[in-house]
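*Asks:* The following block contains the structure, expressed as structure tokens.
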Amino acid sequence: MLTGATGQVGHALAETLGGHTLVMPGRDALDLSRPDRIASCVERIAPDLIINPAAYTAVDKAEAEPELARLINTEAVRALAQAAALHGIGLVHFSTDYVFDGTKEEAYRESDPTCPINVYGRTKRDGESAIIDSGCAFWILRTSWVYGRHGGNFMKTILRLAQERDALCVVNDQFGAPTSDEVIAQTLRQMLEAGKGRITEHMRASTGIYHLTCGGQTSWHAYACKLVDAMPSLGLVSRMSSRDVQGIASAAYPTAARRPANSRLHTDKLRHTFHLDLPHWAEALDQCLALMASSPSSH
Ligand code: NDP
């Protein structure tokens, strides 16, 4: 059972896990803002595994809609986890770098204490806790700065703005690793395959939180510069070069929700537990851009 198949990660998972029988209830069949309806939906579908990339992801809007964000990111997740525990199946859930406050100097490890600084982060952190409390077999995959060919994201926004404007200001004091929906989906596919068909046992043996991001680190500003420079090779006409992308401090770009300055996540645990590699963010971005260039309808 795959939720959120219309979202970035859900869409990539639907494509990547196509060899499995996927039941993908959309918002009409499973509205996560109605957690009381989740148990019966899971019972009807009777899945072998629940994968939940669906979430309330509007970080700034969440400050004005904390109750809706809580229902979807915490209470619906609690209901999914309780259903997984009841039926003895696993739950794969996605979480975020925003469970941390970003004050640590180094990359965050799974064992670091959480300390969210905005509503979205708090509701996601509480969702993690609900899963742990449920007793189900789970993988919580914390990722960061997600982009891909489908859906809205920073990459697409920059590519659009560079065609519309002569200059841009982008924050240069938040650091993280852009991670493509494709890398997330391929990594989960490999993690599932390592179970050799005995997925619940496999998840029980490796239950836990894992950081799943691309390697390396960058700032939003350097990321934007790389995108603008890549535009000619994508066949896109940009009105600016990376010299016209000005770096600014977060304080000069106030948003409703505060964001952590350090979003870097250590991925050793995932790579060592499942014996897999994660590409550098720039390499994964180049691959995504090359795919976009070969299918222009996706930009
Ligand atoms: P998207 O915003 O692209 O997709 C969210 C999905 O959730 C959509 O399919 C949406 O459906 C669905 N959804 C939202 N509300 C409801 C609801 N009430 N009932 C049913 N479905 C609902 O998310 P991403 O793919 O970018 O994110 C995937 C996961 O990764 C999430 O858990 C997110 O918290 C996490 N994450 C994302 C990051 C990012 O930069 N995007 C960074 C770090 C973590 P619909 O199309 O109908 O709206």
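*Asks:* Tell me, in nm to one decimal, what length is gained between residue 241 and residue 45 on full extension, where the rule is 0.36 nm per residue of separation less the Cα-Cα distance?
*Replies:* 65.5 nm
*Asks:* Taking a ≥ b ≥ c as the square roots of the eigenvalues of the Cα gyration tensor of the range 41-157, is the shape rounded (a/c under 1.5), prolate (a/b larger than b/c) or oblate?
*Replies:* Values: a/c = 1.67, a/b = 1.42, b/c = 1.18.
Prolate, because a/c is 1.5 or more and a/b exceeds b/c.
*Asks:* Let me ask something additional. Quick check: at a probe of 1.4 Å, how many percent of the accessible area of the range 18-114 sits on carbon and sulfur atoms? Please report the intermediate quantities before stating the final value.
*Replies:* Working: 2340 of 4760 Å².
Its accessible area is 49 percent carbon and sulfur atoms.
*Asks:* Fully extended, how many nm does the chain gain between residue 249 and residue 109 (0.36 nm per residue separation, minus their Cα-Cα distance)? Intermediate values should be presented prior to the final figure.
*Replies:* On the way: separation 140, 0.36 × 140 = 50.40 nm, distance 2.59 nm.
Extra length available between residue 249 and residue 109 comes to 47.8 nm.
*Asks:* Exceeding 23 Å between C-alpha atoms, which entries from my cross-link table qualify? They are 104/156; 124/156; 61/156; 104/124.
*Replies:* Details: 104/156 29 Å; 124/156 25 Å; 61/156 20 Å; 104/124 19 Å.
Violating the 23 Å limit, Cα to Cα: 104/156; 124/156.
*Asks:* Running a GNM on the chain with Cα contacts under 10 Å, which residue among 169, 136, 214 ends up with the highest mean-square fluctuation?
*Replies:* Most flexible of the set in this elastic network: 169.
*Asks:* With a 1.4 Å probe and every protein chain kept in, tell me what percent of the accessible surface of the range 203-299 is carbon plus sulfur. Before the final figure, lay out each step's value.
*Replies:* Details: 2490 of 4790 Å².
Percent of accessible area from carbon and sulfur atoms in the range 203-299: 52.
*Asks:* Starting from the Cα gyration tensor of the range 237-299, take the square roots of the eigenvalues, sort them a ≥ b ≥ c, and report rounded, prolate or oblate (rounded when a/c is under 1.5, otherwise prolate if a/b is larger than b/c, else oblate).
*Replies:* Values: a/c = 2.55, a/b = 1.14, b/c = 2.24.
Here the range 237-299 falls in the oblate category.
*Asks:* While we're looking at this one, here's another question. Suppose every Lys and Arg Cβ carries +1 and every Asp and Glu Cβ carries -1, with no other charges. What dipole size does the chain come out with about its Cα centre, to the nearest 20 debye? Working shown, then result.
*Replies:* Values: 29 positive and 33 negative charges, 27 e Å.
Around 140 debye, computed over the chain.
*Asks:* Taking square-rooted eigenvalues a ≥ b ≥ c of the alpha carbon gyration tensor, is the range 1-60 rounded, prolate or oblate, where a/c under 1.5 means rounded and, failing that, a/b exceeding b/c means prolate?
*Replies:* The shape class here is oblate.
*Asks:* Pairs of Cα atoms under 8 Å, at least six residues apart: use those to get the relative contact order of the chain, whole percent.
*Replies:* So the answer I get is 22 percent.
*Asks:* Rank 90, 216, 18 by mean-square fluctuation in a GNM of the chain with C-alpha springs under 10 angstrom and give only the top-ranked residue.
*Replies:* 18
*Asks:* Going 7 Å from the Cα of residue 268 in the Cα-to-Cβ direction, what parts of the range 114-135 have a backbone nitrogen less than 20 Å from that spot?
*Replies:* Once the point is set 7 Å along Cα→Cβ of residue 268, 114 turn out to lie under 20 Å by backbone N, inside the range 114-135.
*Asks:* Leaving ligands, DNA and RNA out of it, report the carbon-plus-sulfur percent of the accessible area of the range 123-190 at a 1.4 Å probe.
*Replies:* Numbers: 1040 of 2240 Å².
Roughly 47 percent, rounded to a whole number.
*Asks:* Please give the per residue accessible area of the range 53-149, computed with a probe of 1.4 Å over protein heavy atoms only, in Å². Please list the in-between numbers first.
*Replies:* Numbers: 3500 Å² over 97 residues.
Here the residues of the range 53-149 average 36 Å² of exposed surface.
*Asks:* Would you mind working out the accessible area per residue for the range 229-272, using a 1.4 Å probe, and quoting it in Å²? Please list the in-between numbers first.
*Replies:* On the way: 2560 Å² over 44 residues.
Per-residue value: 58 Å².
The values are calculated or read from the model by the stated rules, or taken from the named source; none is laboratory data. The shown structure was predicted, so the numbers you read here are calculated from the model rather than taken from an experiment. Cβ sites come from the backbone with ideal geometry, for glycine too, and all protein chains shown count toward neighbours. All accessible areas refer to the heavy atoms of the entire protein, side chains included, with ligands and DNA or RNA removed. Shrake-Rupley method; radii C 1.70, N 1.55, O 1.52, S 1.80 Å.
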